[in-house]
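Single-structure report; data block below.
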């Protein structure tokens, strides 16, 4: 059964909260606590902040889901029920350009490291992948505890808050609501927006509808004024 999008009981992070998180040991000292499941502790929050992806979207990423689309580095979020990859809604099947800040932090180098070591079909976060039963749920509980440990005490602030932050950042950049919804894999129920080319189930359909340059411009326009990233250190950086 497909589930509905999380409701309004979650809220976007403030810049002060994000800076508290990024100043913590996982991001500034390359600390990898065991419950954080290796590189998922570091990359999961950053990827969500700059792509708006759900936790399950990110946990389901394989090396082959990070590739160039018309010359633009992109995520492709897609399903493969045979190996347990299932997205929350049909609209979650999509292609999203990779924000340049992630590239600067070393994301593509991390993907290349996994590719060389394990091949194109490898999970990028194997300890929380769909084939690691129950581990994503446990990871999410750890992340909630980690937020509280670094001083983010508002219970409305959880991993899903990154998704709210990204959506707000797209709005602040004057990205149209239909494109905003498409990048986040959300269904817009507006009758007017249901006209035109019908959405298909492939991850590249979003490229057909909006064009890669428009997708790229929207994602690249996302900024978080006052965010301090200078001390963030990844193993791959």
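So the label point goes 7 Å from the Cα of residue 86 along Cα→C-beta, right? Which residues of region 132-170 then have their backbone N under 18 Å from it?
The answer is 132-138.
Would you mind getting me the FRET efficiency between residue 31 and residue 208? Use the beta-carbon distance for r and R0 = 35 Å, nearest 0.05.
0.25
For every helix of n ≥ 4 consecutive DSSP H residues, a contribution of -39,500 (n - 2.57) applies; sum these over the chain, divide by its total residues, and give [θ] at 222 nm rounded to the nearest 500 deg cm²/dmol.
Counting only the DSSP helices, I get -11500 deg cm²/dmol.
Relative contact order for the chain: what percent, with Cα pairs under 8 Å and sequence separation of 6 or more?
34 percent
Mind jotting down a quarter of the surface of the convex hull over the alpha carbons of region 96-163, in square nanometres, one decimal?
6.1 nm²
Assign one of three labels to region 1-147, namely rounded, prolate or oblate, based on the Cα gyration tensor with a ≥ b ≥ c the square roots of its eigenvalues; rounded applies when a/c is under 1.5, prolate when it is not and a/b is larger than b/c, and oblate otherwise.
Since a/c stays below 1.5, the shape of region 1-147 is classed as rounded.
Using a 10 Å cut-off around each Cβ, can you sort 135, 30 from fewest to most neighbouring Cβ atoms?
Ascending number of Cβ neighbours within 10 Å: 30, 135.
Rounded if a/c is under 1.5, else prolate if a/b beats b/c, else oblate: with a ≥ b ≥ c from the C-alpha gyration tensor eigenvalues square-rooted, which is region 52-112?
prolate
A short reminder: the numbers here are calculations on the coordinates, not readings from a lab. Here the structure is a predicted model, which means the values were calculated and not measured. Here the Cβ is made from the backbone with ideal geometry for all residues, glycine too, and neighbour counts use every protein chain on show.
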